[in-house]
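What follows is one structure encoded as structure tokens, with my remarks underneath.
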Amino acid sequence: SGGGNDVFEPSDQPRRTRLYAMLDPRGGTVEEALVESEVHRLIDKDLRGYYEQILDELVKVPALPILIHGYAHPVPDGTKSNFGGVSLPGWPGPWLKGVFDDHGMHDAVGLNRQIMVTLIDRLNAMIGQVAALQKYQSRVQHVALHKVFNYDHPDVPARRKHWQDEIHPTAWGCELLA
């Protein structure tokens, strides 16, 4: 995968993250709450460049099938990592909620979730466009994961079955993604 850490690191300093730069807390809609110039720079320029740079090298290997994937829609609700019911000391996270909180944006399952849906959909669209480039001659396939965990109410028990924290799927979630 690629792109996650580029958005929310350093997680212990939310105001220094790319996600923070992409948010405008004065916005009441997704379109108003996203700073398009920052979104464009991260997704359409920087991340696209990283993907193309990696793929340019991989396609040099003859007959190597290449699958690339994006992300499913996360919910920035502050859920911390836990593996088998045990939180790991020193494990980072939550990653997303702190960034929204530092901007005074506290609607995790409303506007903030829709912002993340929009960003992930844009990332997936970019990855699909890169995979379809002529220079990859149909050797690169994009696996769209962003609708696998598609539900309207992220606070229902299904969310806990799919996600162990804000950005990592559970073992059962991984099976669904596979």
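Exactly one of (1) surrounded by 18 or more Cβ atoms within 10 Å (Cβ to Cβ); (2) farther than 14 Å from ALA33 by Cβ; (3) at pLDDT below 90 is unmet by VAL140. Its number? Tallying (1) surrounded by 18 or more Cβ atoms within 10 Å (Cβ to Cβ); (2) farther than 14 Å from ALA33 by Cβ; (3) at pLDDT below 90, VAL140 fails exactly one: (3). Considering region 1-56, the qualifying helices (runs of 4 or more DSSP H), each wholly inside and each with 2 or more residues that are over 23 Å from GLY93 (Cβ atoms), over 15 Å from the mean Cα position of the chain (by Cα) and modelled with pLDDT of 95 or more, run over 30-33, 36-39. Applying the criterion of being at pLDDT 70 or above, crowded, with 16+ Cβ neighbours inside 10 Å and aliphatic (A, V, I, L, M) to the residues of region 67-110, the residue that is nearest to LEU176 (Cα to Cα) is ALA72. For GLY128, the conditions (1) at pLDDT 80 or above; (2) surrounded by 12 or more Cβ atoms within 10 Å (Cβ to Cβ); (3) over 23 Å from GLU175 (Cα atoms) are fulfilled apart from (3).
The values are calculated or read from the model by the stated rules, or taken from the named source; none is laboratory data. The structure displayed is predicted, hence computed values, not measured ones. Glycine gets a Cβ as well: all are built from the backbone with ideal geometry, and neighbour counts include every protein chain shown.
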